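Trainee: Below is one structure. I have some questions about it.
The values are calculated or read from the model by the stated rules, or taken from the named source; none is laboratory data. Model, not experiment: these values are computed from the prediction. Methodologically, a virtual Cβ is constructed for each residue, glycine included, from the backbone with ideal geometry; neighbour enumeration extends over all protein chains shown.
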Amino acid sequence: MIYYYLLFLLLAAGSITWFVWFLFHKAWQGGLIFSSLNFILLEARFPRILETIDRQQELSALASMEQFYNTLDSVLKKNKGFFQPRPSIIFEIAVSEQNDHIVFYTAVPRWLQKTVERQIQGFFPQAELEWVNDYNIFARPGAFAGSILKLEKSYVLPFETYKTLATNTLAIVTNSVSLISERGEGAAIQILVKPTHFTAKHDARKVIKALTLGRSFGDAVKELSGPVAFLETLDWIFNTLGFKKERKEPPPVNPALSPEAQEIIKAVETKTRQNLFEVNVRILASARTIDRAEEILTNAENAFSQFQSPNLNDFYALRIYGKKLKKLAYNFSFRLFNENEKVMLSAEELTSIFHWPIVRLETPKIKLLKSKQAPPPAIMPSRGVILGKNQYRGLETVIRIDTADRRRHLYIIGQTGTGKTSIMKSMIKQDIEAGNGVCVIDPHGDLVESVLGFVPENRAQDVILFDPADAEWPIGLNLLEAATPQEKDFAIQEMIAIFYKLFPPETMGPVFEHNMRNAMLTLMADEMNPGTLIDIPRIFTDRTFASSLLIKVTDPLVRDFWEKEMSKMTEQYKSEMLGYLISKVGRFVENTMMRNIIGQPHSGINFSEIMDNGKILLVNLSKGRLGEMNSTLLGLIIVTKLQMAAFKRATERNEETRRDFYLYMDEFQNFTTDSISSILSEARKYRLNLIMGHQFIAQMPEKIRDAVFGNVGSMVTFRVGADDAPFLVKQFAPIFTEADLINIDNFHAYVRLLVNGATTLPFNIKIEAPPPSSAEAAERIRNLSRQKYAKPRAAVEEVINKRFGK
């Protein structure tokens, strides 16, 4: 009876043991699935390395990756619970079936994300990590193939690593997947890494001992498993329990070691001294057909043959088929570690099969950082206009520039479509909403049209729209309208500078300047009823008109010009001089649209009032509608009038009572002369704060270029061309390089910002464009501006015709 009782107890104990094991296994499997669902997928991007480095520098860079793996050993041993397996970190080189970019991914447990990110960016500060959604390599419809990598020999023997191989091991791996089509094909090399609690030193001693006795490596590793290992274990147990007395055997006689044996012993010692990791290496490929999928897979498998060496270890690819292939795809998708697939690798070996592109890599299609990132200064203004946001190592910082620093002006450069207009539009919107005075000079028209549509209702009355193409409602613009001798002198100097800007210098000269200066002084003599630019040809051809103007002239030198100098000129000389004048001024007089604007004796816009009262002046100088010459002339006149207003209030108002006014100029080089250097160099004095944008440096005359780079406080650089990068990099070194300036993405920029009067180190920003504007609101404000500042075309032409006696 007792035997049945014992049998029952044994069966019960067995059942309970099985049930406990079953629960434990389920919990363990549940832990695996739970862990896989809590992975964060990070896309790792590195700057493209263009410089060629020597072998020693390359080894030093790769040693950083080896150190990184060693650091992971301690990080990953921090478990999260009894039923959770030791965490893995997964490194992947993948090509999605949606595109042909080769992308480096790193999957980490959610609770380890910040720790691992800090480790990565501690070792590789240039890395950019972005949390992304999972990718898909499997084509639909299509087929896929897969394999795992195993070691040919015992794990204690390493394969040949990056330290002895002459080529960049990563290049061969990435090249193997670089010929995948953009659509319908995909591939991934997945490397799951977790630390091991197993120590290899005991196994290493056994193998080395056997090798020193003259045995082959194959015979030596047999002692690590099988009957010999089992008997040795029993022998150790008996000795430990005291059941067996230890026999003293004579020391073995070691035969002379062959060079091959010495190499193997050294390799085993080197590997087993390092931290070891349990590793799964999977390769999967997908395509429309199974033949193509297997072709892609074979290419990827062959990349690992580079680690082969006669006396060392080697990888072999174990192809997986049928249900096991589906299981492999399942484990791949959920990033589950499989104990049956594991190989034991050192940090040096891991570095050899996977490292990020931290040395020069010429494989095409790798998704790299086009440009670097850098952190903003620690102290940033909490108020002021927002330029954009800095994103650096997962932190987002709003970048502002305050009013005091804006008085030192802002310079923006970048190719078409990179974001210049967007940053201007955003700043203009903020200025308008803040109640600031603004002028926008736009040579394309799109910017002004957008701004019109987002002017809030409470500022609609402040808008003055100057749109020359609106020919039925011209607004007068007279540069010869000046009140003081200083204003007259500045206006004349600027008008001559404008002609030099518009026409080839060889067609000008001292005589032209002399005649133009006296003509304009004469036309400006009657301050209540000044002449205009269209009167310049007439003053030389119509004696009656000239005589009527001389009545108001008090300057003796100007009177002498007409009464003595002109009276002695021959008719031929007068004819030649008139030809010069007509060739310069005539084209504007003969154009009806331009004549109706510059032919009005009184400007429809009071520029001093605009600046002092914080109005909104929007200037649409679309070259496509006006013509380049007309657009440039009108822009130059408006900038001159703004400068005159700024100079005027510098003498009439206390500095503290001068209201800041913001002048935005796109393609600013078209609308400025050398006199702009006064505004740039004496910013606080005038409170006319410039925001200047354009496309490339060669557009600027040398004097204006020197004034800009010598005086501008803040600078924003979007992507520029190869010709501009060498010049601009001086402003952004040593943080950013020429390659960064050339390759930065659209709507991203580098900023050298003035903060509290001091220039900061440059950093990157991302631009966020304002929302679309309202076409209905734009039209409403356009009509309001017409009624307040423009005149009907018929009324303007009637006045001009009357002045000309028609």
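Trainee: Considering Ile676, Ile610, which residue is under 24 Å from Ile413 (Cα atoms) and either out of contact with any strand residue (DSSP E or B) (no Cβ under 7 Å at 6 or more places or on another chain) or among the aliphatic types (A, V, I, L, M) (or both)? If you could, list the steps in order and put the result at the bottom.
Mentor: Details: Ile610 fails: under 24 Å from Ile413 (Cα atoms).
Step by step, each of Ile676, Ile610 is checked, and only Ile676 is under 24 Å from Ile413 (Cα atoms) and either out of contact with any strand residue (DSSP E or B) (no Cβ under 7 Å at 6 or more places or on another chain) or among the aliphatic types (A, V, I, L, M) (or both).
Trainee: Among all residue pairs at least 6 apart or on different chains, which show Cβ distances below 9 Å where the first residue, located in the range 582-605, is surrounded by fewer than 16 Cβ atoms within 10 Å (Cβ to Cβ) and the second is among the polar types (S, T, N, Q)?
Mentor: Final answer for the pair search is Ser583/Thr507; Arg587/Asn630; His602/Asn478; His602/Asn529.
Trainee: In the set Pro376, Pro310, Pro357, which member is under 22 Å from the mean Cα position of the chain (by Cα), over 24 Å from Ile90 (Cβ atoms) and not hydrophobic (A, V, I, L, M, F, W, C)?
Mentor: Details: Pro310 fails: under 22 Å from the mean Cα position of the chain (by Cα); Pro357 fails: over 24 Å from Ile90 (Cβ atoms).
From the options Pro376, Pro310, Pro357, the qualifying one is Pro376.
Trainee: State whether one or more residues within the range 286-298 are part of a strand (DSSP E or B) and surrounded by 21 or more Cβ atoms within 10 Å (Cβ to Cβ).
Mentor: So in the range 286-298, the residues part of a strand (DSSP E or B) come out as 286-287.
Now restrict to residues that are surrounded by 21 or more Cβ atoms within 10 Å (Cβ to Cβ): 286-287.
Within the range 286-298, one or more residues are part of a strand (DSSP E or B) and surrounded by 21 or more Cβ atoms within 10 Å (Cβ to Cβ).
Trainee: Quick check on my filter: what residues within the range 139-191 are more than 22 Å from Ile320 (Cβ to Cβ), part of a loop (DSSP other than H, G, I, E, B) and within 29 Å of the chain's Cα centre (by Cα)?
Mentor: Asn168, Ser178, Leu179, Ser181, Glu182, Arg183, listed by residue number.
Trainee: So which residues in the range 163-173 are modelled with pLDDT of 90 or more and surrounded by fewer than 24 Cβ atoms within 10 Å (Cβ to Cβ), if there are any at all? Walk me through it before giving the result.
Mentor: Looking only at the range 163-173, we keep the residues that are modelled with pLDDT of 90 or more, and these are 163-165, 168-173.
Of everything in the range 163-173, those that are modelled with pLDDT of 90 or more and surrounded by fewer than 24 Cβ atoms within 10 Å (Cβ to Cβ) turn out to be Lys163, Thr164, Leu165, Asn168, Thr169, Ala171, Ile172, Val173.
Trainee: Out of all the residues in the range 430-481, which are of a type in the set (S, T, N, Q) and not in a loop (DSSP other than H, G, I, E, B)? Write out each step before concluding.
Mentor: Of the range 430-481, the ones of a type in the set (S, T, N, Q) are 430, 436, 450, 458, 461, 478.
Once the filter is applied, which keeps residues that are of a type in the set (S, T, N, Q) and not in a loop (DSSP other than H, G, I, E, B), the range 430-481 yields Gln430, Ser450, Asn458, Gln461.
Trainee: Can you tell me which of Ile744, Ile691, Ile697 is in contact with a Leu (Cβ under 6 Å, 6 or more places away or on another chain) and modelled with pLDDT of 90 or more? Before you say what the answer is, go through the steps one by one.
Mentor: Numbers: Ile744 fails: in contact with a Leu (Cβ under 6 Å, 6 or more places away or on another chain); Ile697 fails: in contact with a Leu (Cβ under 6 Å, 6 or more places away or on another chain).
Being in contact with a Leu (Cβ under 6 Å, 6 or more places away or on another chain) and modelled with pLDDT of 90 or more holds for just one of Ile744, Ile691, Ile697, which is Ile691.
Trainee: If the Cβ limit is 6 Å and pairs must be 6+ apart or interchain, which residue in the range 82-104 that is outside any strand (DSSP E or B) and modelled with pLDDT under 85 pairs with which residue that is buried (at least 18 other Cβ atoms within 10 Å of the Cβ) and β-branched (Val, Ile, Thr)?
Mentor: Listed by first residue and then by second, the contacts come to Asp100/Ile180.
Trainee: On to the next question. May I ask you to verify whether Ile296 is aliphatic (A, V, I, L, M) and in contact with a strand residue (DSSP E or B) (Cβ under 6 Å, 6 or more places away or on another chain)? Can you show your working first?
Mentor: Values: aliphatic (A, V, I, L, M): yes; in contact with a strand residue (DSSP E or B) (Cβ under 6 Å, 6 or more places away or on another chain): yes.
Judged against the criteria, Ile296 is a match.
Trainee: Now a separate question. Just the residues that are in contact (Cβ under 8 Å) with a residue 60 or more places away in the chain, part of a helix (DSSP H, G or I) and surrounded by fewer than 20 Cβ atoms within 10 Å (Cβ to Cβ), please, taken from the range 613-636.
Mentor: Of the residues in the range 613-636, the ones in contact (Cβ under 8 Å) with a residue 60 or more places away in the chain are 613-626, 629-636.
Remaining after also requiring part of a helix (DSSP H, G or I): 623-626, 629-636.
Result: Lys623, Gly624, Arg625, Met629.
Trainee: Then there is this: Take Thr532 and decide whether it is among the hydroxyl-bearing types (Ser, Thr, Tyr) and closer than 23 Å to Ile637 by Cα. So that I can check it myself, show each step before the final result.
Mentor: On the way: among the hydroxyl-bearing types (Ser, Thr, Tyr): yes; closer than 23 Å to Ile637 by Cα: yes.
Yes, satisfied.
Trainee: Could you please let me know if Asp134 is of a type in the set (Asp, Glu), modelled with pLDDT under 90 and surrounded by fewer than 20 Cβ atoms within 10 Å (Cβ to Cβ)?
Mentor: Considered against the rule, which asks whether it is of a type in the set (Asp, Glu), modelled with pLDDT under 90 and surrounded by fewer than 20 Cβ atoms within 10 Å (Cβ to Cβ), Asp134 comes out as no.
Trainee: For the range 561-577, which residues satisfy the criterion of being basic (Lys, Arg) and surrounded by 12 or more Cβ atoms within 10 Å (Cβ to Cβ)? Step through it out loud before you land on a result.
Mentor: We begin by selecting, within the range 561-577, every residue basic (Lys, Arg); these are 564, 568, 574.
Residue satisfying the conditions is Lys574 alone.
Trainee: Any residue that is among the hydrophobic types (A, V, I, L, M, F, W, C), closer than 21 Å to His409 by Cβ and surrounded by fewer than 16 Cβ atoms within 10 Å (Cβ to Cβ) - is there at least one of those in the range 771-787?
Mentor: First pass over the range 771-787, keeping only residues among the hydrophobic types (A, V, I, L, M, F, W, C): 775, 777-778, 781, 784.
Those still in the list that are closer than 21 Å to His409 by Cβ too: none.
There is no residue in the range 771-787 that is among the hydrophobic types (A, V, I, L, M, F, W, C), closer than 21 Å to His409 by Cβ and surrounded by fewer than 16 Cβ atoms within 10 Å (Cβ to Cβ).
Trainee: Got a number for residues in the range 748-791 being modelled with pLDDT of 95 or more and among the aromatic types (Phe, Trp, Tyr)?
Mentor: Selection size over the range 748-791: 2.
Trainee: Taking the range 687-741 only, how many residues are over 30 Å from Glu656 (Cα atoms), in contact (Cβ under 8 Å) with a residue 60 or more places away in the chain, in a loop (DSSP other than H, G, I, E, B) and not polar (S, T, N, Q)?
Mentor: Residues that pass the stated criteria total 8.
Trainee: Would you be able to say whether some residue in the range 361-372 is within 19 Å of Phe718 (Cβ to Cβ), modelled with pLDDT of 95 or more, in a strand (DSSP E or B) and not assigned by TED's automatic domain parsing to the domain that holds Leu41? Don't jump to the end; show me each part of the working.
Mentor: Start the filter on the range 361-372 by keeping residues that are within 19 Å of Phe718 (Cβ to Cβ), which leaves 369-372.
From the residues that got through so far, the ones that are modelled with pLDDT of 95 or more too are none.
Within the range 361-372, not a single residue is within 19 Å of Phe718 (Cβ to Cβ), modelled with pLDDT of 95 or more, in a strand (DSSP E or B) and not assigned by TED's automatic domain parsing to the domain that holds Leu41.
Trainee: Looking at the range 683-697, which of the residues that are closer than 19 Å to Ala722 by Cα and touching a helix residue (DSSP H, G or I) at 6+ places or on another chain (Cβ under 9 Å) is surrounded by the most Cβ atoms within 10 Å (Cβ to Cβ)? Before you say what the answer is, go through the steps one by one.
Mentor: Step one: filter the range 683-697 for residues closer than 19 Å to Ala722 by Cα, giving 693-697.
Applying the additional criterion that residues be touching a helix residue (DSSP H, G or I) at 6+ places or on another chain (Cβ under 9 Å) yields 693-695, 697.
Details: Gly693: 22, His694: 20, Gln695: 19, Ile697: 18.
Filtering first and then ranking leaves Gly693.
Trainee: Which one is surrounded by the most Cβ atoms within 10 Å (Cβ to Cβ), of the residues in the range 504-551 that are within 53 Å of the chain's Cα centre (by Cα) and of a type in the set (D, E, K, R)?
Mentor: Asp535
Trainee: For the range 742-754, what are the residues that are assigned to a strand (DSSP E or B) and within 17 Å of Gln391 (Cβ to Cβ)?
Mentor: Of all residues in the range 742-754, those assigned to a strand (DSSP E or B) come to 748-752, 754.
Once the filter is applied, which keeps residues that are assigned to a strand (DSSP E or B) and within 17 Å of Gln391 (Cβ to Cβ), the range 742-754 yields His748, Ala749, Tyr750, Val751.
Trainee: While we're here: So which pairs qualify, if the first residue must be in the range 472-493 and in contact (Cβ under 8 Å) with a residue 40 or more places away in the chain and not assigned by TED's automatic domain parsing to the domain that holds Phe588, the second must be of a type in the set (Lys, Arg) and surrounded by fewer than 16 Cβ atoms within 10 Å (Cβ to Cβ), the Cβ gap must be under 7 Å, and the two must be at least 6 apart or on different chains?
Mentor: none
Trainee: May I ask you to list pairs of residues, at least six apart or on different chains, whose Cβ atoms are under 6 Å apart, with the first in the range 329-347 being within 20 Å of Phe144 (Cα to Cα) and in the same structural domain as Phe144 (by TED's automatic domain parsing) and the second being part of a helix (DSSP H, G or I) and at pLDDT below 95?
Mentor: Phe334/Ser36; Arg335/Ser36; Leu336/Leu32; Leu336/Ser36
Trainee: Name the residue that is surrounded by the fewest Cβ atoms within 10 Å (Cβ to Cβ), counting only residues in the range 301-340 that are closer than 19 Å to Tyr162 by Cβ and small (Gly, Ala, Ser). Please lay out each step first, then the result.
Mentor: Of all residues in the range 301-340, those closer than 19 Å to Tyr162 by Cβ come to 302-315.
Restricting the remaining residues to those that are small (Gly, Ala, Ser) gives 303, 305, 309.
On the way: Ala303: 21, Ser305: 12, Ser309: 17.
Once the filter is applied, the top-ranked residue is Ser305.
Trainee: Quick one: Ile475 ticks every box in (1) surrounded by 21 or more Cβ atoms within 10 Å (Cβ to Cβ); (2) over 19 Å from Ile616 (Cβ atoms) bar one, so which box is it?
Mentor: Just one mismatch for Ile475, condition (2).
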